[in-house]
Structure formats: C-alpha cells, structure tokens
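Reading through the structure tokens given below for one structure.
Each reported figure results from applying straightforward, stated rules to the coordinates on display, with no laboratory input. If you're wondering where the values come from, they're calculated on a predicted model, not measured in any experiment. Here the Cβ positions follow ideal geometry from the backbone for every residue, glycine too, while neighbour counts run over all protein chains shown.
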Amino acid sequence: MQPSFGALHPTAIIDADHPAVVEFARVHQGAGQSALERAVSLYYAVRDGFRYDPYQLDLTSRGMSASRVLETEHGWCVTKAVLLAAACRVLGIPARVGFADVRNHLSTARLRETMKTDVFYWHGYASILVDGRWVKATPAFNIELCERFGLLPLEFDGHKDSIYHPVDSAGNRHMEYLTMRGEFDDVPLADMVATFSQHYGHMSRLDEFSFDDDVRDEGSAA
C-alpha cells in the first residue's frame, strides 16, 4: 500500500518539522530497527508521557499542534494523536489522524454537567501504516489516569487496532463508538470547530479547574 504524500508531510498542526517534535521522535523511537518497533515505542511515550486533560482546549492551529503538547506536557485525545502522528512522520513512518463520535460512559461530573451530553464528537486517534496496513492507535489515556478511573489501559502492538474498550476493569460500560468520521492527512479543524459550536456552544470554559483533581476527588468519593 502506498501512502498519500500528506501522510508523511508536516502541516501547521501535525508539525513534524518542528525541532522539539523531531527531538522527541528521535529520543523515544526506542532501540528497535523496524517501523513497527519504533511506532510502538512512540505510542507508549505519548500515552504515558503526557497527561490527558480535556479541560484545556485551544481550538487554534497552534493550540492543536504536536509541538504545543510538548510545551504544555498535557493533551486530549486529538492533540495526543496529533503528536503521535507527527513523531511517526519524523521517522518516515506514514501516519494520519482519525476521528469518531463516541458515547463516553465515564467522565467527571463537572465535564458531564458542562457538556450536557455524554457524546464526544470528533474523538481523535492516530492511524499508522505498519507492514502494509493502517493500524489505529489511541494514546489518549495515560496509565495513571487509567489506574485512578479503573479503566483498562489501551495497549498497542502495531498489529491490532488499539481503540477504546467497551467496558472498564469492573465491567461497567465505558466507551461506545457511534460514528466513524474517517482518517485524514491533517486535522479538519474548521469542521471540528463547527461541530463543537453546534453541540457545545453552551459550554463554559473549564481551564480554571483541574481535571486531575476532579478525577482524584471522584475516585476518593467512590
């Protein structure tokens, strides 16, 4: 399978030419020589090296970029997928960003109250070309968050799709995929912003609150 030129090319958001992204990819590519081994190493570096934080959203090209995740040391599903895709491109591994609408049965009370829905539009993941096939990789939830929330961590071996589990570690409903929006060489930011405005236009900003604190407090209460 021949990837499109865009799956290897830097963009303003998937800024694989940014010096910090180039350094990150080279430092975290691991000792393996194959594209598969390097992609797996990058996956875990992104998954566990950056906190998942859906309260800190900046829907600008700069705010969504891979280099911005490196600066802030946190991200949400889309920006962490962007970082993984960008790091893969640095190493010559074709990568795209994919999107789906999901029903998330586990989130903080503050987030549910603010969103007024349990549907997360434009959930993001990375799609990586490994050994001739595109494989989904979802590096959103870092291992510490999974342990606090009782989630099954998403593993990635480069062979099977790494997508959200339907249940958590206790068997409670976790994630339901509603609509697959496709995979793209770049983030379709204008479409994403339009959807967010339609469905989340009522939302107040959450960046004054701490997602980590809310997760900890709800875990303690449980």
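Tabulated data for the structure shown
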| item | result |
| --- | --- |
| Sparsely packed trypsin sites (Lys or Arg not before Pro) within region 1-104, loop by DSSP, other Cβ within 10 Å at most 13 | Arg62 |
| Whole-Hz ³J(HN,Hα) from phi, Karplus 6.51 cos²θ - 1.76 cosθ + 1.60, for region 118-128, glycine and proline x | 9, 8, 9, 7, 6, 4, x, 9, 9, 10, 10 |
| Within region 8-200: Cβ-based charge dipole about Cα centre, in debye rounded to nearest 20 (Lys, Arg +1; Asp, Glu -1) | 200 debye |
| Angle in degrees between helix 77-90 and the longest Cα principal axis of the chain, rounded to the nearest 10 | 10 degrees |
| Mean residue ellipticity (222 nm) of the chain, computed from DSSP H runs ≥ 4 via -39,500 (n - 2.57), nearest 500 | -11000 deg cm²/dmol |
| Contact order normalised by residue count of the chain, Cα under 8 Å, 6+ apart, percent | 24 percent |
| Interchain or long-range residues, amide H under 5 Å from Val135's placed H | Ile128, Leu129, Val130 |
| Nitroxide proxy distance, nm - points 7 Å out along Cα→Cβ at Ala31 and Ala12 | 4.2 nm |
| Extension gain, Asp131 back to Arg148 (0.36 nm per residue minus Cα-Cα distance, nm) | 2.6 nm |
| Extension gain (nm, one decimal) between Leu178 and Ala20, 0.36 nm per residue minus Cα-Cα | 53.3 nm |
